[in-house]
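Engineer: Here it is, the structure, as structure tokens.
Here, each number is a calculation from the coordinates, and none is a lab measurement. Just so it is clear, the structure is predicted and the values come from calculations on it, not from any experiment. All Cβ positions, even for glycine, are placed from backbone atoms using ideal geometry, and neighbour counts span all protein chains on display.
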Amino acid sequence: MERHSASPCETLAEQYQALLDVAEAISVHRDLHELCRDLAQRLPRVLRVNFVGLCLHDPGRNVMRLHTLQANVPAEIVGGHEESIEDSPSGLVWQTQQPLLISDIASEHRWPKITHLMQEDGINSFCCMPLTTAVRRLGAIGFASLQKGVYGEADMEFLQQVSKQVAVAVDNVLAYQQITELKDKLTKEKLYLEDEIRTEHNFEEIIGESAALKRVLKQVEVVAPTDSTVLIQGETGTGKELIARAIHSLSGRRERTFVKMNCAAIPTGLLESELFGHERGAFTGAIAQKIGRFELAHQGTLFLDEVGDISPDLQSKLLRVLQEQDFERLGSNRTIHVDVRLVAATNRDLAQMVADKQFRSDLYYRLNVFPVVVPSLRERPEDIPLLVRYFAQKYARRMSKRVDTVPSETMAMLSKYHWPGNIRELENLIERSVILSQGPDLHVPSGELKITASGPSNGVATLEAAEREHILRALQEAHWVIGGPSGAAARLGMKRTTLQSKIRKLGISRQT
């Protein structure tokens with residue numbers, strides 16, 4: 001298709017009147033793409049121009065985003081291309097806030113890559129103006145012509161007027177988009193937090209005074225003020241989410257949102273959408289835009305529970321977000337930058353999963369920046385009476401009952417029980433006990449415990465408890481030396497790496 005330079009208005013008065021008409025027309029736009037289309041159609045009425053380049057500064061990535069508009073073919077609009085600030089004419093104009101005039105592209109050697117592309121399009125002269133409002137520098141706007149020497153010093157004043165009008169229109173569009181995105185985000189946050197209130201367990205605090213729990217809380221105090229990633233490990237029901245909430249509450253992000261997601265509870269096909277969101281029409285059933293958990297947690301904390309259940313395909317995408325702090329929604333090529341502190345949790349042995357090629361090693365190392373191992377309830381038996389009284393009072397108030405005492409024989413039975421389901425199992429049992437209690441004494445259905453606890457009461461431990469005790473004894477005899485001919489691994493007849501994996505799985509520490 002042959003392209004011709006558009007004719008400017010014949011008189012200065014007609015030119016300014018045409019500019020006024022353009023300004024009125026473009027001021028009503030609320031969408032950047034539609035604004036670009038309108039500019040491509042209207043600017044040739046007031047300027048000798050074949051191409052218009054709208055370069056907006058992206059503060060998140062600190063680059064210039066280029067939107068190229070071909071004057072005679074408004075359908076050909078290319079958006080989203082990035083240009084380095086240091087290596088582009090638009091970056092120079094944005095930094096210096098001074099116009100740039102090039103009468104002959106062939107004589108310009110500062111940006112060889114960009115000028116070469118211009119010459120391929122037949123461009124011979126170019127002018128770039130700052131795109132600035134009274135409050136901020138938005139970027140730059142470039143005018144290009146197929147003819148040489150089209151723009152001169154005499155055109156500068158009028159081009160500045162054009163740039164000011166375009167800057168106002170672009171600023172309105174960006175402000176509208178920002179308000180719309182913020183409104184959508186706040187709406188999503190409101191719905192999310194309302195759902196949190198409905199589903200929250202309402203623990204008022206972490207209950208316990210055992211040495212094992214205090215060690216964990218000390219670790220929380222140390223890591224919380226930082227923005228480092230935390231990996232919380234422990235058996236199911238040990239209260240890993242409470243530890244994550246404590247980290248958030250003690251951090252500088254406490255005023256922002258704490259967003260949680262259980263990776264094991266969401267089908268693999270929907271997990272990516274839940275994490276990163278999607279655009280309308282991104283896949284079958286995507287009838288509306290959805291904001292993902294990463295966006296909801298911007299400037300806050302994202303808690304990913306059961307992170308070991310994430311599929312290998314999604315692990316690579318999660319790693320990229322953690323490293324670069326940006327991503328794209330499904331069905332979109334627009335990069336979204338986020339500032340999120342990640343806290344992950346799992347009851348699986350990620351190190352062993354890495355060895356078995358079930359979990360990416362690079363993601364494991366990225367998550368395992370600061371590991372926190374939450375002790376099981378059987379490792380903190382002195383906390384059981386405190387937890388029993390706490391849950392008894394909690395559910396008694398909720399059911400408008402009066403439960404004042406826990407019989408000593410009941411408390412002794414509860415303290416000796418192995419609690420394979422940990423605190424969650426204890427809480428559920430106490431809730432059921434409060435329902436069954438008819439007087440001031442807590443009535444615990446001991447028959448349920450005797451079936452499971454008959455082993456320990458007869459002096460026979462569970463297999464896991466016996467293994468833990470056996471390993472602990474070997475470590476103590478080897479003075480906590482794992483490898484070597486006299487180490488614990490040799491005494492147990494296993495590889496050093498296998499022993500280390502079992503130590504992590506069983507939650508064994510030197511202070512145990």
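Engineer: Can you sort 357, 164 by how many other beta carbons sit within 10 Å, fewest first?
Structural biologist: Ordered from fewest to most neighbouring Cβ atoms within 10 Å, 357, 164 come out as 357, 164.
Engineer: Can you put 26, 508 in order of Cβ neighbours within 10 angstrom, beginning with the fewest? Intermediate results must be reported in sequence, preceding the final value.
Structural biologist: Values: 26 22, 508 17.
Ranked by crowding around the Cβ, least crowded first: 508, 26.
Engineer: Right, here's the next one. Over the chain, what relative contact order in percent results from Cα pairs under 8 Å that are six or more residues apart? Mind showing how you got there, number by number?
Structural biologist: Numbers: 807 pairs, mean separation 53.2, N = 512.
Dividing the mean separation by the residue count of the chain yields 10 percent.
Engineer: For the Cα atoms of the chain, what angle does the longest principal axis make with the long axis of helix 12-26, in degrees from 0 to 90, nearest 10?
Structural biologist: Rounded to the nearest ten degrees, it is 20.
Engineer: Let me ask another. Where q = 0.07 Å⁻¹, what log10 of I(q)/I(0) comes from the Debye formula for the chain, counting one point per Cα?
Structural biologist: With one equal scatterer per Cα and no solvent, log10 I(q)/I(0) is -0.59.
Engineer: Could you calculate, for the range 242-359, the ratio of the Cα radius of gyration to the Kirkwood radius, expressed as Rg to Rh?
Structural biologist: 0.97
Engineer: Now, a different point. So for 238, 268, fewest C-beta neighbours within 10 Å to most, what's the order?
Structural biologist: Details: 238 27, 268 12.
So the residues, fewest neighbours to most, are 268, 238.
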